[in-house]
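The block underneath contains the structure these notes are about, expressed in structure tokens.
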Amino acid sequence: MIDEARALFDSFAGRNIRTWTIVVSGYAKSGRIEKAREVFDAMPERNSVSWNAMISGYVQHGDLATARWLFDRMPNRDVASWNSVITGYCHAHRMAEARWLFENMPARNLVSWTVMISGYVQINEYEEAWRFFLYMHRCLMSMNQPNFTAAVSAAMGLGNIVLLENLRSLAIKTGFEEDVVVGTAILNAYTRESGALESAVRFFQGIQERNEYSWSTMITALSHVGRLDDALLFYERDPSKTIVSQTALLAGLAQNNRIHEASHMFEQMPDPNVVSWNAMIAGYAQNGMLDEAKKLFDRMPIRNTISWAAMIAACTQNGESEEALGLLSELHWHGIVPTLSSFTSCFFACANIRALEMGRQLHSLAIKAGSQFNAYVNNGLITMYAKCKNTEDVTRVFNWMRTKDIVSWNSLIAGLSHNYLLDDARTVFDKMPIHDVVSWTAIISAYSQAGQGNESLELFLRMLREGALPNSSTMTTLLSTCGDVGSSRLGRQAHVMTIKLGFDLDLFVGNALISMYFKCGCRDSFLVFAKMPERDIISWNSMLAGCAQNGLGRKGIEIFEQMKAERILPNQISFMGLLCACSHAGLVDEGWHYFNSMSKDYRLMPLEGHYACMVDLLGRAGRLHEAKEFIENMPIEPDSVVWAALLGACRIHQNVELGRMVAEKLFQMEPQTAGNYVLLSNIYASRGMWNNVDEVRELMRARGVTKSPGFSWIQLRKKLHSFITGDKHHEQIVEIHALLKELYVRLKYAGYVPDTQFVLHDVAEEQKENVLLYHSEKLAVAYGLLATSDGTPLQIMKNLRICGDCHNFMRFISKITKREIDIRDGNRFHHFNDGNCSCGDYW
């Protein structure tokens, strides 16, 4: 009631220095700093208390420049004057200036030390905070409650349970363990330490005096690790069950997917406070219920900065990035300084929608708010700039950081990897002072995404050697790598490891297992899928894509129908997998049915990829002109993928006229894509039109287009053996060639006839057969036969589509050698057994 106080002051005849100072302080604390200064300047005389009141007002107002200007002009400073300015610098995270003032103080008290310790804790410089505490202790300063809690925060930040135990011993010696605030701070620290929850429970049992925060701390800690039943027992034991404990339990229920119980509890609260409202908003957000969170936010009687932060985070987490940024703008318009959480959420929102300019504006706002040195803010900036492809600012922010925690290093590795700067990411990884599981996962994932699967696997083994345990994300990355390199043996070993580590029931690991087994050509994916306790849309889509890749069209349809029966709504990715499965199995009528069902039954608009699948489906079935008409009647502009599907079909059916027309269109759309030239050249070669073949090759040379060489590889006894067509460099190439010649004779007796139309050069028939004999996949299978015992299945990978002659060759090889042979080419899997292929010779 500052105006009433001013009226009394104006009518009071006996005003003295004390009454003047009271009014200055009142205005300052009410945020009316100009009125406070007006009264201060009018004072007939001032003492140090008056000066301190004015300085504190400017500090609270965030005007450190004026506060410092007044401080420098004070006639007589006391310890409170120094502490006020130091506090201002600490709150603004300007620790260098705070440190200079602290070191130049003529005298210090316990507040001086506590403010400095707390300041370093705020900017995550926990080691420096702890050093200050030790320095204070050596100076024989007696401790008080705020000082003790600041020291506990420093120990908690360092994650050092030994330091925490030492502080507890000190608390016992100095009589502070029975202080409820200090006791709760120590309890809170125990609950934050990994593996120290039982110590927290024992410490709680020994606390003589407990308050609502003691109870809520235990309820929160137990809920956080999934021990909700224990949290409920603690809640029942709480004699007062205040709103603080209720809110802790409400948050715990929401975190553990019991959102409806949390909602019921919230609605039963007679007078929820702003913390309860915030917890419920966060709970809805965690459970993907954004509309409910918005409704609750709109109902709130009072909002604080945490309310805004919770709602901004909710929008970001649920894909509403633009709405999150709109909320921040509204918050700023109200004159409220965003919290650190709001800043980091909005940096992620900018990253999600690649809003670089908005991100830069937020960066400027964070600097103005004094948050430029905060590790969380800087980590968010690194991620934002990386996803916006601005690697210069990624490095600049990292180098600017005063304190780099392990999250900062990990964010930098992920950012560089995201921008394909693998060597730079590896350099950063090697420079890191320590590696945690996230660091290992980030660098393993970086190599995996860059197609360097062997290096990725080597790093995983090094991680295990150095004693680091993988988490579910690491195992997901490892399984993906095993699938990419096509090693079912390594994939099975990784699967066993997930079971030993207890991750086999994890949803993301389960999805990775499905993809890995399908990529390795194994049907174990069906067993994994059947045993999954929980499935999401990615699980179903992985099954559909796997069926397509392995030519299991009918199984793909079965999976889709099962999906419908379980009332799982398919999305556009689901239909992509389903249509590809129909295409690879020649199921034309079924493909048409499901294509039409997309828009008719599910109101999903087909995209270019769906149209490409239909063109591929019709084209493979020989219905080329129907496929061409389909393209011409598309409601959207056909892209190069759609036309390339038709060109591929022209290659299969040797349609020169249509193939030439489609190729000319593709040359205009993608003049540097070698595959289109190669397909047209193949069409000409299959018809013996060698002059036209030469013309295409000359066109490629003129345009500087180069064809990627075809190569195949096989992994045996932990070693990868790769071959190119006509390879002469393998250590056993003489034996491989000899075996191929021997097999060639045996296969001809069994009925194999070399299909020389797949030779793309105008040479004699005998030479064509010789060229065919040394295709890369034939070299790989011959080496596999040499290097393994009779009956051992062989798995071969190829970067390009297998040619028709090699496909026929593999069918005969599987029959006369009685071997199962799996070949994964650039399009799909071929499983050869006893002279047959899983594709039914339709691919």
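So the values come out like this:
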| quantity | calculated |
| --- | --- |
| Accessible solvent surface per residue of the chain, calculated while the other protein chains remain in place, 1.4 angstrom probe, Å² | 47 Å² |
| List LYS718, LYS798, ordered by accessible area with a 1.4 Å probe, largest first | LYS718, LYS798 |
| Accessible area (Å², 1.4 Å probe, nearest 10) - ILE367 | 80 Å² |
| Whole-Hz ³J(HN,Hα) from phi, Karplus 6.51 cos²θ - 1.76 cosθ + 1.60, for region 630-643, glycine and proline x | 4, 5, 5, 9, 5, x, 10, 5, x, 9, 5, 5, 5, 5 |
| Rounded to 10°, Cα long-axis angle of helix 375-387 versus longest principal axis of the chain | 30 degrees |
| Cα-based equivalent ellipsoid, region 332-425: semi-axes from gyration tensor eigenvalues, Å | 22, 14, 10 |
| Carbon + sulfur, % of accessible area of region 613-678 - ligands and nucleic acids excluded, 1.4 Å | 49 percent |
| Inter-label distance for GLU267 and VAL337, nm, one decimal - labels placed 7 Å from Cα along Cα-to-Cβ | 4.0 nm |
| Computed FRET value (nearest 0.05) for GLU664 with THR725, which takes r as the C-beta separation and R₀ as 25 Å | 0.30 |
| Nearest-10 value in Å² for the accessible area of GLU608, using the 1.4 Å probe | 70 Å² |
| Two-site label geometry, ALA13 and ARG354: point separation in nm, points 7 Å out along Cα→Cβ | 7.8 nm |
| Per-residue ³J(HN,Hα) for region 655-670, Karplus 6.51 cos²θ - 1.76 cosθ + 1.60, θ = phi - 60°, Hz, x for Gly and Pro | 8, 5, 4, 5, x, 5, 4, 5, 4, 4, 5, 5, 4, 6, 6, 9 |
| Theoretical gain in end-to-end length, GLU695 to ILE538 [0.36 nm per residue, Cα-Cα removed] | 51.9 nm |
| Loop-located GluC sites (Glu not before Pro) in region 208-254 whose Cβ has at most 11 other Cβ within 10 Å (DSSP) | GLU209 |
| Residues in region 115-130 that a label on MET74 would reach, taking backbone N under 17 Å of a point 7 Å out along Cα→Cβ | 115-116 |
| Charge context of SER597, other residues only, Cβ under 15 angstrom, K/R +1, D/E -1 | -1 |
| Set of aspartates and glutamates with alpha-carbon distance to LYS294 below 14 Å, sequence-local pairs under 8 removed | GLU320, GLU323 |
| Estimated distance in nm for a label pair at VAL225 and ALA450, the labels positioned 7 Å out from Cα along Cα-to-Cβ | 3.8 nm |
| Loop-resident sites, region 517-617, for trypsin sites (Lys or Arg not before Pro), counting at most 16 other Cβ within 10 Å (DSSP) | ARG523, ARG567, ARG603 |
| Computed FRET value (nearest 0.05) for LEU110 with PHE508, which takes r as the C-beta separation and R₀ as 41 Å | 0.25 |
| Partners for LYS815 among aspartates and glutamates (Cα-Cα distance below 20 Å; same-chain residues under 8 apart left out) | GLU742, ASP755, GLU777, ASP790, ASP805, ASP834, ASP841 |
| Entries of LYS719/LYS741; LYS628/LYS707; LYS564/LYS600 with Cα pairs more than 19 Å apart | LYS719/LYS741; LYS628/LYS707 |
| Estimated FRET transfer efficiency (ALA702, ARG489; beta-carbon r; R0 41 Å; 0.05) | 0.30 |
| Residues of type aspartates and glutamates that LYS241 reaches as a straight line, Cα spacing below 20 Å, ignoring anything fewer than 8 places off in the same chain | GLU209, GLU212, ASP229, ASP230, GLU261, GLU267, ASP271 |
| Trypsin sites (Lys or Arg not before Pro) within region 15-83, DSSP loop, no more than 15 other Cβ atoms inside 10 Å | ARG15, ARG73 |
| Length gained when the stretch ILE172-TRP400 is fully extended (0.36 nm per residue, less Cα-Cα span) | 77.9 nm |
| Area of ASP694 that stays accessible when all protein chains are in place (1.4 Å probe, Å², to 10) | 80 Å² |
| Heavy-atom SASA rank of HIS435, HIS584 (probe 1.4 Å, accessible area, largest first) | HIS435, HIS584 |
| Extension reserve of the ALA530-GLU735 stretch, reckoned as 0.36 nm per residue once the Cα distance is removed | 69.3 nm |
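The values are calculated or read from the model by the stated rules, or taken from the named source; none is laboratory data. Everything numeric in this text was worked out from a predicted model, so none of it was measured. Using ideal geometry, Cβ is built from the backbone for each residue, glycine included, and neighbour counts are taken over all protein chains shown. What goes into the accessible areas is simple: the full protein's heavy atoms, side chains included, and nothing from ligands, DNA or RNA. Shrake-Rupley method; radii C 1.70, N 1.55, O 1.52, S 1.80 Å.
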